[in-house]
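The structure appears below as structure tokens.
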């Protein structure tokens, strides 16, 4: 299931999503104080969920469980994208910062779809 990798930290998609998470934390530091327990906390939670679910899935026993965890990470990316749009529209993020975060998010999304597709194909071939 996991090939020649020693651990999840070697997965490029985990590395990319971890960096995105760090960038989200830095970007939300300047949010208004009234958002400390609102949107700021919510966007951080979604960002943390992406690399966390990738790591958890890597550690699961079956390919099906791994796929499920990757879909959870993908769902969190979709949530994060919505929250980034909201932050931009509320003027909590400068346009250039929003653009850079959004580009990183879309790259992470592309990287995440690849293992989902290949693992699903593997599972389908096993069940045939």
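Throughout, read-outs are computed from the coordinates displayed, never taken from laboratory work. Given the structure is predicted, the values throughout are model-derived calculations rather than measurements. Note that each Cβ is placed from the backbone with ideal geometry, even for glycine, and that neighbours are counted across all protein chains shown.
Before moving on, here are some points about what is shown:
- Qualifying positions in region 115-128 - without any contact (Cβ under 8 Å) to a residue 40 or more places away in the chain and either within 17 Å of residue 72 (Cα to Cα) or surrounded by 15 or more Cβ atoms within 10 Å (Cβ to Cβ) (or both): 117, 118
- Scanning region 5-52 for residues that are touching a helix residue (DSSP H, G or I) at 6+ places or on another chain (Cβ under 9 Å), over 20 Å from residue 89 (Cα atoms) and part of a loop (DSSP other than H, G, I, E, B) yields 5, 7, 11.
- Residue 21 falls short on exactly one of the conditions (1) within 19 Å of residue 109 (Cα to Cα); (2) buried (at least 18 other Cβ atoms within 10 Å of the Cβ); (3) touching a residue at least 40 places away in the same chain (Cβ under 8 Å), and that condition is (3).
- Count of region 6-18 residues which are surrounded by 11 or more Cβ atoms within 10 Å (Cβ to Cβ) and farther than 13 Å from residue 107 by Cα: 5
- When residue 92 is tested against (1) in contact (Cβ under 8 Å) with a residue 24 or more places away in the chain; (2) out of contact with any helix residue (DSSP H, G or I) (no Cβ under 6 Å at 6 or more places or on another chain); (3) more than 19 Å from residue 119 (Cβ to Cβ); (4) in a helix (DSSP H, G or I), exactly one condition is not met: (4).
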